[in-house]
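Report on the following structure.
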Amino acid sequence: MNRLFCILVFLSFSIDNIDAQPTLAEQLGYPPGSRLLIIHADDLGVAHSENVASFRAMAEGSVRSASIMPPCPWMAEVADWAKENPDHDLGIHLTLTNEWNHFRWGPVAPKNEVPGLVNELGFLHPDCADVAARATAEEVEKELRAQIEQTLRFGIRPTHLDSHMGCLFWGRPEYFKIYLKLGREYGIPVMLTKDPPLMTEYLTDDDMVLDHVYTANVNNYQEGMANYYEKLLKELPAGVSALLIHCAYDNLEFQGIAVDHPAWGNAWRQADFDFFTSEKCRKILEEENIRLVTWRELGARWREKRLKEKIGQMLLYGFRGMSTDENSSIIRHIEEGRVGNVIFFDYDVKNQEFRRNIESPEQVKALVDSLQAHASIPLLVAIDQEGGRVLRLKPKYGFPNIPSARHLGVLNNLDSTRYYAELNAHNMASLGINLNFAPVADLNIETESGVIGRLERSFSDDPEIVTEQAQAVIDAHLANGVIPVLKHFPGHGSARNDSHKGLTDVTETWSEKELEPYRRIIGQGYQGAVMTAHVFNQKIDEKYPATLSAKAISILRDSIGYEGVIFSDDMQMEAIASEYGLEEAIVLCINAGVDVLCFGNNLGYDESIPEQFQAIVLKAVEEGKISPERIDEAYERVMRLKGRLGK
């Protein structure tokens with residue numbers, strides 16, 4: 001595959017291919033119809049002429065971005081310039097080939113470690129076809145990694161990655177996967193385009209994809225570069241486009257490099273430089289209202305956008321309303337990505353009335369459908385539907401009656417438990433409710449006090465009975481596509497107080513046996529989620545209640561081996577709200593290892609909680625109080641859980 005064919009296939013000029021999906025510009029928050037353009041100079045490092053022409057085009061012309069070829073001899077000059085010009089975009093033009101007839105370079109990695117990349121003289125092969133035929137994926141990764149590491153050692157923090165001659169785009173699929181892998185690993189955006197589409201099966205939601213990428217071809221050069229560029233700019237479609245050019249002076253140095261190589265040669269590069277440093281180019285950009293942007297700007301916006309989306313998936317939020325419309329705050333929160341999960345109640349605690357989200361089966365189904373219709377990622381629609389006194393879908397609204405856990409535990413007949421669990425789960429599934437905060441795995445230790453025993457929410461004080469009963473409930477939920485949530489880890493049944501109303505200390509009453517249902521159920525391959533308790537236990541953590549305790553979460557993760565999603569109990573309960581400020585509680589909770597924070601918004605009511613939550617987490621990430629890796633970890637767990645919805 002020669003250079004011309006590769007570039008033409010990868011970067012065909014197609015200004016009519018307008019994607020029906022929102023443009024990248026719109027995704028990044030620019031006004032609809034915006035025309036954004038990265039004018040990008042390739043091949044820095046090849047020659048002194050290439051470097052100085054590109055530097056001048058960035059300083060005085062319309063070029064806003066460039067990329068370096070690490071194996072080439074003039075890279076050190078680029079590094080010196082970068083130190084004096086730290087605000088300019090500099091990416092890495094990942095290089096596996098050497099196309100010039102007499103001007104040669106080899107790999108950055110030791111030649112004996114990448115033998116498939118070099119010819120008999122030790123130079124890189126002249127085209128992508130030779131590379132694809134001879135180089136293993138392991139050799140390609142070793143060389144590309146060496147190029148990135150060398151660039152970093154020169155003191156350059158790359159703003160993006162792209163591929164010289166397109167060898168990583170249209171060669172072997174494993175090369176493309178390496179390209180994506182290295183970008184993700186080093187946290188560097190990689191150049192990807194919708195036009196034409198790349199190997200989309202390897203992309204994820206974290207990959208930023210440009211709307212269009214353009215470069216001139218031989219026909220354009222023969223017909224006049226200025227004519228080509230003027231037409232392109234005037235017909236540039238909406239969205240984010242990149243225009244790849246090559247700047248150099250038509251002097252003795254580059255004439256020697258490009259001997260017998262007119263394509264992308266010395267005259268071609270002088271023509272690129274001339275146009276993009278011209279007053280004509282500047283005026284066209286102004287008249288066409290084309291905004292010049294950089295990879296740095298786009299990358300920052302993309303990272304913030306993705307971070308906000310991930311933060312939204314870490315929030316479970318309660319709201320008021322039996323129905324929604326386009327003006328509903330909950331719809332706005334969902335559409336703008338601040339809320340990834342919701343919870344339904346029938347009783348509004350603040351207003352002290354049975355009018356919240358539940359009125360009838362038909363109404364609940366319509367409400368669920370309307371919420372999901374506005375979600376780009378399916379919502380977890382949650383409820384507390386344990387049975388007995390914790391029953392949001394009550395018979396008075398037209399739903400079946402589900403007995404309490406204590407009733408079923410005393411009966412201790414698994415057929416009965418399965419019957420009611422199936423009835424409950426099937427009913428929720430028919431409404432579109434896909435997550436239930438049940439079963440309760442707490443042991444019935446304080447039988448007449450606290451929020452567990454007094455309300456008959458525990459199956460038994462016997463860990464074996466609790467395990468068997470809870471497993472029957474779990475099986476029925478999963479069979480109906482409803483995610484069960486074991487609660488309240490590491491045990492709430494020994495509490496004498498209600499964590500809704502204040503600090504709940506179980507230090508004197510809690511024992512290790514309260515962990516036994518979790519050990520047994522999780523040990524059997526549990527596919528649901530777990531909720532933490534707001535109980536304080538000095539035996540586990542002398543400072544924090546379980547929801548905010550990394551020590552408590554480590555028991556669940558490391559000792560018991562649970563790898564799924566961890567939900568907090570309601571963060572507005574007084575056990576948390578009265579002891580910690582909102583910001584401190586959120587940061588502690590996420591750092592402890594909780595993946596989804598629950599704000600039922602029922603003990604109090606505040607429609608700005610999603611904005612507050614997002615702002616607090618963004619600030620904490622920016623200040624280094626929460627690591628981006630912790631957000632990624634939680635997000636990935638939530639997405640895996642959502643991937644099982646309906647299965």
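Each reported figure results from applying straightforward, stated rules to the coordinates on display, with no laboratory input. If you're wondering where the values come from, they're calculated on a predicted model, not measured in any experiment. Glycine also receives a Cβ, built like all others from the backbone with ideal geometry; neighbour counts cover every protein chain displayed.
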quick note, region 304-642, DSSP beta bridge pairs, % antiparallel (nearest 5) is 10 percent
I'd like the Karplus ³J(HN,Hα) series for region 203-220: coefficients 6.51, -1.76, 1.60, θ = phi - 60°, whole numbers in Hz, and an x wherever there's a Gly or Pro. 7, 10, 5, 7, 8, 7, 10, 5, 6, 8, 9, 10, 7, 6, 10, 4, 4, 4
Straight-line reach from Lys625: which aspartates and glutamates have a Cα under 14 Å away, not including same-chain ones fewer than 8 places off? Glu583, Glu584
Among 420-427, 150-157, 83-90, 35-42, the order from most to least packed when residues are scored by Cβ within 10 Å on average: 35-42, 420-427, 150-157, 83-90
Looking at Leu168, Gly155, Val621, which one has the Cα that reaches farthest to the positive end of the dipole of the chain (charges on Cβ: Lys, Arg +1; Asp, Glu -1)? Val621
Pull up all non-local amide H partners of His125: gap of 5 or more, or a different chain, and H-to-H distance under 5 Å with H placed in the peptide plane. Asn98, Asn119
In degrees between 0 and 90, to the nearest 10, how far off the longest principal axis of the chain does helix 463-479 point, with axes built from Cα atoms? 50 degrees
Angle in degrees between helix 137-153 and the longest Cα principal axis of the chain, rounded to the nearest 10: 80 degrees
With θ taken as phi - 60° and the coefficients 6.51, -1.76 and 1.60, list the Karplus ³J(HN,Hα) couplings across region 511-527 in order, rounded to whole Hz; mark glycine and proline as x. 9, 4, 5, 5, 7, 4, x, 5, 4, 5, 5, 5, x, 8, x, 3, 10
In terms of the Cα gyration tensor, with a ≥ b ≥ c the square roots of its eigenvalues, is region 178-294 rounded because a/c is under 1.5, prolate because a/b exceeds b/c, or oblate? oblate
For region 32-183, just say rounded, prolate or oblate: build the C-alpha gyration tensor, square-root its eigenvalues into a ≥ b ≥ c, call rounded for a/c under 1.5, and beyond that prolate if a/b exceeds b/c, oblate if not. prolate
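For region 169-252, run through the GluC sites (Glu not before Pro) and keep only the ones in DSSP coil with at most 11 other Cβ atoms within 10 Å of their Cβ. List each step's numbers first, then the result.
On the way: sites: Glu174, Glu185, Glu201, Glu223, Glu230, Glu235; in loops: Glu235.
Counting only loop positions with at most 11 other Cβ atoms within 10 Å, the GluC sites (Glu not before Pro) in region 169-252 are Glu235.
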Starting from region 289-357, pick out the GluC sites (Glu not before Pro) whose DSSP state is loop and whose Cβ has at most 16 other Cβ atoms within 10 Å. Glu326, Glu336
Helix 628-642 versus the longest principal axis of the chain: what angle, 0 to 90°, nearest 10, using Cα atoms? 60 degrees
If the cut-off is 25 Å between C-alpha atoms, which lysines fall inside it for Lys396, apart from same-chain ones fewer than 8 positions away? Lys350, Lys365
For a quick check: with amide H placed at 1.01 Å from N, whose amide H comes under 5 Å from Phe489's, ignoring anything fewer than 5 positions away on the same chain? Met531, Thr532, Ala533
Cut-off 14 Å between beta-carbons: net charge of the residues surrounding Phe354, Lys and Arg +1, Asp and Glu -1: +3
Skipping prolines and chain starts, which residues have an amide H placed within reach, meaning under 5 Å, of the one on Ile483, given they are 5 or more residues away or on another chain? Leu435, Asn436
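If you place +1 on the Cβ of every Lys and Arg, -1 on the Cβ of every Asp and Glu, and leave all else neutral, what size is the dipole of the chain about its Cα centre, to the nearest 20 Debye?
So the dipole magnitude of the chain works out to roughly 720 debye.
Which of the trypsin sites (Lys or Arg not before Pro) found in region 389-483 are in a DSSP loop and have at most 11 neighbouring Cβ atoms, other than their own, within 10 Å?
Sites meeting the loop and neighbour criteria: Arg389.
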Starting from the exponent 0.38 and prefactor 2.2 Å, build the expected Rg for region 304-642 from its residue count and divide its actual Cα Rg by it. 0.92
Taking Lys and Arg as +1 and Asp and Glu as -1, residues besides Val339 with C-beta under 12 Å from its C-beta add up to -2
